[in-house]
């Protein structure tokens, strides 16, 4: 990748030129991230980071030759925003990464510190989202995935802050090179196993903003080869770099795949939580009371390969007292908590509350069996592969890259034919291939086989992947889950095909954002109407003040003290 291409495109992007549907998604992303920031205040570690970083950067930076001066303390505030927004995994994401922790957090931090127009913030976030998501797609066939693509935040921080400061494209291009000269990645043990997860986006944001500052004030430069497939990012972060993602800037918008989580937790347990909450509602209607732990006899989850892969990735790193991070990446614990609470909310994950109910939750989670459902996986794959034209990537898989990518899939999803009897063990499925007798599964496999056959034909003709053939707005992210719950002698069945707020969901994005922000306002003590704020945000002109739009939330976030959040759980 030539970093001048995204640098020049992001600098020239006119806020009014962002497609209306894409622009609306970015506005909603701002509201979603603000809600995530407020949710993060519940964690003492998030508050501690605020104090630790509060003394940094109190002096206004020297104004660059062109553009605006960077607000004082931007690096510290943006880093803290990145940590707070990731804290409870109650975030938003695109199909190829979670750039909201940087692409939206940097403009929000800028607005909180210095103000900026909605139009400039929107252009900065949209450009940063696009650059980050495309770098995620570039490394799609590689050793990292999802939130472990932390290198995305380097690019998002540079692009967003560079756009807001009015930096020359040459400065932004050099900053991208400097940022990626030493690209970070999160170690699974640090991400899944402790509060160090808070630094997954915060550290790259700091590194990106630092690189931008160096590019403004020095002549330092990295060779463009740092992005290449030969011995740069494309080699060390991908088994087969999909260079076709790094073209068509402004013609295709990956931001159109924005998803906002209604419930906290990994995207691969969102449907699990929804199904468990529905089972709890069914039980309450039938029995006239809520589920208690003694009612739970057996809970059988039917999930996609992504949920099974998440379980396999997180399981080795679960140790010590129950934490929000462990719940975020555990289908059994998510099921138990959502079932007993009747829903899963940020308050459900209060650390003090988890400590009180840990034994009970672990007992209920021990009654959960997690089974991979091949038909679900095929529906998920079909809803992503076809609109994104991803089978054309077979043309990029050749030789050593193909071998490494194949082994990576086997390593990442070793439990596809297992069922987890409890959060820490796995039991062999008695008849894994019996699923192939299911008519729906067979038809899905046959359909996918035809698509693969066509893609292999194009591969023989020399075709390679290009994002310009993609239709992001047609993505249907069916990361589904089904729950068969035996409770107090009765069986309850609940389903969630597409999690609310995800592409293709019945519950639209605006509704989910309103619910998420409203709950965050109530729990953080923000005296404002989320319904009215989202309405103003969606209807505001481009010259509106972003700081004024979010003034009540910014006041709470920037307050010197944080009142205690613990209380009676409802």
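None of the figures in this text is laboratory data; all of them are computed from the coordinates on show. This is a predicted model, so every value here is computed, not measured. Glycine also receives a Cβ, built like all others from the backbone with ideal geometry; neighbour counts cover every protein chain displayed.
Arranged from fewest to most other beta-carbon atoms within 10 Å of their beta carbon, 274, 532, 24, 495 become 532, 495, 24, 274.
Of interest is the spacing of the C-alpha centroids, which for the range 449-516 and the range 324-371 amounts to 25 Å.
Could you work out [θ]222 nm for the chain from helices alone, using -39500 (n - 2.57) per DSSP H run of at least four and dividing by all its residues? Round to the nearest 500 deg cm²/dmol. Computed ellipticity for the chain at 222 nm equals -15500 deg cm²/dmol. In percent, rounded to a whole number, the relative contact order of the range 180-339 is 29, using alpha-carbon pairs under 8 Å and six or more apart. From largest to smallest, what semi-axes in whole angstrom does the chain give when each is the square root of 5 times an eigenvalue of its alpha carbon gyration tensor? For the chain, the semi-axes come out at 36, 30, 20 Å. Taking other C-beta atoms within 10 angstrom as a stand-in for reagent exposure, 295, 89, 382 fall in the order 382, 295, 89, fewest first.
Reported to the nearest whole Å, the Cα centre-to-centre distance from the range 226-304 to the range 137-155 is 16. Per-residue packing, averaged as other Cβ atoms within 10 Å, sorts the ranges 445-458, 515-528 into the order 515-528, 445-458, beginning with the highest.
Peptides 347-353, 124-130, 288-294 ranked from most to least packed give 124-130, 347-353, 288-294, packing being the mean of other C-beta atoms within 10 angstrom over each peptide's residues.
Centre-to-centre separation between the Cα atoms of the range 1-41 and those of the range 97-124: 7 Å.
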